[in-house]
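Any read-out appearing in this document is the output of simple, stated calculations on the displayed coordinates, not a laboratory observation. Please read these numbers as outputs of a predicted model, since none were measured by experiment. Note that we place each Cβ from the backbone using ideal geometry, even for glycine, and neighbour counts take in every protein chain shown.
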């Protein structure tokens with residue numbers, strides 16, 4: 001039985017993945033987390049064989065979490081799921097000792113195969129990952145201007161805040177919890193060294209990071 005931890009902050013996506021994985025007779029999902037900060041504690045508690053991590057998580061992103069696991073729980077093999085095609089992400093994943101790297105739109109059967117291969121000690125990198133992802137230039141982990149310190153989801157949440165959305169409205173639109181949205185906003189304020197959310201919106205607009 002392959003014990004699996006799944007880290008994905010979008011509730012609908014996480015629920016669908018758990019349901020699909022548990023259809024496999026040799027898989028057991030032993031833990032689910034929605035925030036990157038919960039990955040290491042959950043791995044230490046539940047001791048999964050494989051951790052499947054979204055690359056863009058609140059709190060701690062998937063690659064940083066993979067580095068933490070390599071240092072403190074090296075027996076847990078990591079697969080990164082990503083919707084991103086930014087330069088250098090595969091190289092950064094390899095440097096973080098990630099064993100699998102797949103697009104989030106990969107068919108369920110391919111994910112299942114990747115889990116089994118990674119569990120057996122092999123490395124799996126999907127052939128649809130674009131060549132630019134192999135380039136060595138350092139890059140952001142999100143689809144955003146290259147000089148922006150914000151992740152894609154921090155940018156999306158801040159855009160909605162700029163449009164007047166409440167945290168509850170943004171959570172509903174993005175299928176996140178209200179607490180996760182607030183975490184993204186807090187992270188954006190911190191990264192922009194802003195006084196508050198309104199100041200963060202102002203700074204991001206002036207820099208051209210949101211419109």
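Computed quantities for the displayed model
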item: Label point distance in nm, residue 104-residue 195, each placed 7 Å from Cα along Cα→Cβ; result: 3.5 nm
item: Whole-number Å³ per residue for the convex hull built on Cα positions in the stretch 152-207; result: 66 Å³
item: Fewest-first ranking of 55, 115, using other Cβ atoms within 10 Å as the exposure measure; result: 115, 55
item: The chain: most fluctuating residue of 159, 191, 104 per GNM, C-alpha cutoff 10 Å; result: 191
item: Within a Gaussian network of the chain (alpha carbon springs, distance under 10 Å), most fluctuating of 36, 62, 121; result: 121
item: Folded to 0 to 90 degrees: helix 11-21 orientation relative to the chain principal axis, Cα; result: 10 degrees
item: Order of 155, 186, 82, 193 - criterion: other Cβ atoms within 10 Å of each residue's Cβ, fewest first; result: 193, 186, 155, 82
item: For the chain, alpha-carbon Rg relative to the globular expectation (2.2 N^0.38 Å, N residues); result: 1.02
item: Extension gain, residue 72 back to residue 206 (0.36 nm per residue minus Cα-Cα distance, nm); result: 44.1 nm
item: Calculated FRET efficiency for the pair residue 172/residue 47, C-beta based, R₀ 45 Å, to 0.05; result: 0.80
item: Value at 222 nm in deg cm²/dmol, rounded to 500, when DSSP H runs of n ≥ 4 in the chain each add -39,500 (n - 2.57); result: -13000 deg cm²/dmol
item: The chain: most fluctuating residue of 180, 170, 113 per GNM, C-alpha cutoff 10 Å; result: 113
item: Base-10 log of normalised Debye intensity for the stretch 3-109 (one unit scatterer per alpha-carbon) at q = 0.18 Å⁻¹; result: -0.80
item: Virtual spin-label span in nm between residue 83 and residue 16, 7 Å along Cα→Cβ; result: 1.0 nm
